[in-house]
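First comes the structure, then the notes that go with it.
The values are calculated or read from the model by the stated rules, or taken from the named source; none is laboratory data. As the structure is a prediction and not an experimental result, all values here were calculated from the model. For neighbour counting, all protein chains shown are included, and Cβ atoms are generated from backbone atoms with ideal geometry for every residue, glycine included.
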Amino acid sequence: MPAPTRRTLIAAALASPAVASPAVLRAQDGPIVWRMVTSWAKSLPGPGVSADRLAQRVNSMSGGRLRIDVFPAGHIVPAFGVMEAVSAGAAEMGHTASFFWDGQLPGAAFFTTAPFGLSPLGHQTWIEQRGGQQAWDDLYRPRGVRGLLAGNTGPSMGGWFRKPIESVKDIAGLRIRVQGMGGEVYAALGATPQSIPPGDIYPALEKGTIDAVEILAPVNDLPLGLHRIAPYYYMPGFNKPNGAGEALISLAAFGKLPPDLQRIVENACQAEHSAALAEAEHQNAAALVELVRGGAKVTAFPADVVKAAREKTQDVLDRKAKASPAAGRIVASWRDALASGGPWARVGAYMENALRGA
């Protein structure tokens, strides 16, 4: 028998897929590389950290087979250009918040939060157990994208104000940076809502372009230094009782992944949502103490402000439901989740306060 040649040895190796073929394929193909564009400054506490950590989770869980490169706001697209970039195929993935798209996709804001609405746990229950994910998928499918929960900053504070709010009359004429449907509620109260990316908030407040800022919670607010200009820190954050982050995924890119990598992307998003929420709860406690030490004046909104905002919210929800058939279905699903979960949520809140001695 003649000695085997180099060619026959290679052919024999390739004929044994259980041993040699995967290594050859990995060497030939290399990792799949996705670009993730975000709406956040690099490593912004809360959502910016979640974006970085989500990419790391996917990289690690996939054993390097799927690598996600993160591009903060402004590196490829501006903060509010994430949906367009993923939809157009300029990026395979984004990390953002759904309420940025509510003007072009009525109802999108509900997948981040809605005024006087679901808590973080209640919101996750709606998405995963009460039809929210299906409604989300239906809304985004025509854009060629899918949204998934992928981070959470928890309940927001009411925001930073230059001057104290003594009654609902003080809201009229106020120029406030606020996102989502909370802006519509403030507009109904007579304020002028402004949409400003996080990185531009401090200069706008410093120059007097705005009078107040609603952003997120203490740990997210602390590094921005807003308390040095607008020290009145109001609660409750009725306009954003939840802070869900959104992973935007190109359906075309997702469809090209093998099933195991698809599950890894989904599971990494779910893991980051849980981790970020626990982290926010932990860090907000320390950040609030530091803000107070730095001069922040934690203050409750006057009762008439909360009452008026609650009433205007119902009008905003009714208008939103009429914006499109898809928005109508989303509002109905969200309201049903709010009503279904309400009794147990109230019992849970009572038990927590009772156990704490509040």
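The residue of segment 237-267 that is farthest from Val306 (Cα to Cα), among those that are touching a strand residue (DSSP E or B) at 6+ places or on another chain (Cβ under 8 Å) and in a helix (DSSP H, G or I), is Leu261. For segment 206-236, how many residues meet the condition of being in contact with a strand residue (DSSP E or B) (Cβ under 6 Å, 6 or more places away or on another chain), outside any loop (DSSP other than H, G, I, E, B) and surrounded by 22 or more Cβ atoms within 10 Å (Cβ to Cβ)? Total satisfying the criteria: 5. State yes or no: is Gln28 in a helix (DSSP H, G or I), more than 17 Å from Lys256 (Cα to Cα) and at pLDDT below 95? Considered against the rule, which asks whether it is in a helix (DSSP H, G or I), more than 17 Å from Lys256 (Cα to Cα) and at pLDDT below 95, Gln28 comes out as yes. Can you confirm whether segment 180-195 contains a residue that is closer than 29 Å to Pro106 by Cα, of a type in the set (A, V, I, L, M) and at pLDDT below 90? Looking through segment 180-195, at least one residue is closer than 29 Å to Pro106 by Cα, of a type in the set (A, V, I, L, M) and at pLDDT below 90.
Every listed requirement among (1) crowded, with 16+ Cβ neighbours inside 10 Å; (2) over 23 Å from Ile196 (Cβ atoms); (3) of a type outside the set (Asp, Glu) is met by Val33 save one, (1).
So that you can scan it fast, the table gives a plain yes or no per residue for (1) under 16 Å from Glu266 (Cβ atoms); (2) touching a Lys or Arg at 6+ places or on another chain (Cβ under 6 Å); (3) not in a loop (DSSP other than H, G, I, E, B):
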position	(1), (2), (3)
Lys42	no, no, no
Ser50	yes, no, yes
Ala55	yes, no, yes
Ser60	yes, no, yes
Gly64	no, no, no
Arg67	no, no, yes
Val70	no, no, yes
Gly74	no, no, no
Val77	no, no, no
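This table checks each residue for (1) at positive phi; (2) of a type in the set (A, V, I, L, M); (3) over 16 Å from the mean Cα position of the chain (by Cα).
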site	(1), (2), (3)
Asp102	no, no, no
Ala108	no, yes, no
Thr112	no, no, no
Ser119	no, no, no
Arg130	no, no, yes
Leu139	no, yes, yes
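Scanning segment 33-49 finds one or more residues that are under 20 Å from Arg146 (Cβ atoms), β-branched (Val, Ile, Thr) and out of contact with any helix residue (DSSP H, G or I) (no Cβ under 8 Å at 6 or more places or on another chain). When Leu291 is tested against (1) in contact with a Leu (Cβ under 8 Å, 6 or more places away or on another chain); (2) closer than 30 Å to Trp101 by Cα; (3) aliphatic (A, V, I, L, M); (4) surrounded by 19 or more Cβ atoms within 10 Å (Cβ to Cβ), exactly one condition is not met: (2). If you go through segment 76-114 and keep only what is farther than 21 Å from Gly182 by Cα and among the charged types (D, E, K, R), you end up with Glu84, Glu92. Name the one entry in Glu84, Glu128 that is under 22 Å from Thr153 (Cα atoms), modelled with pLDDT of 95 or more and among the acidic types (Asp, Glu). Only one candidate passes the filter, namely Glu128. Per the conditions (1) surrounded by fewer than 24 Cβ atoms within 10 Å (Cβ to Cβ); (2) in contact with a strand residue (DSSP E or B) (Cβ under 7 Å, 6 or more places away or on another chain); (3) polar (S, T, N, Q); (4) in a loop (DSSP other than H, G, I, E, B), the sole criterion not satisfied by Ser87 is (4). Entry remark, segment 100-115: residues being surrounded by fewer than 23 Cβ atoms within 10 Å (Cβ to Cβ) and outside any loop (DSSP other than H, G, I, E, B) number 0 in total.
Among residues of segment 93-107 that are among the aromatic types (Phe, Trp, Tyr), those with a Cβ under 6 angstrom from a residue that is surrounded by fewer than 24 Cβ atoms within 10 Å (Cβ to Cβ), sequence gap 6+ or separate chain, pair up as Phe100/Phe80. For segment 78-104, name all the residues that are in contact with a helix residue (DSSP H, G or I) (Cβ under 6 Å, 6 or more places away or on another chain), farther than 14 Å from Asn242 by Cα and not acidic (Asp, Glu). Within segment 78-104, Phe80, Met83, Ser87, Ala91, Gly94, His95, Thr96, Phe100, Trp101 qualify. Here Leu261 meets each of (1) surrounded by 13 or more Cβ atoms within 10 Å (Cβ to Cβ); (2) hydrophobic (A, V, I, L, M, F, W, C); (3) modelled with pLDDT under 95 with one exception, condition (3).
Ala79 meets all of the listed conditions (1) under 20 Å from His273 (Cα atoms); (2) modelled with pLDDT under 95; (3) not aromatic (Phe, Trp, Tyr) but one, namely (1). For segment 320-345, the candidate set comprises residues that are among the basic types (Lys, Arg) and over 25 Å from Gly159 (Cα atoms); within that set, the residue that is surrounded by the fewest Cβ atoms within 10 Å (Cβ to Cβ) is Lys322.
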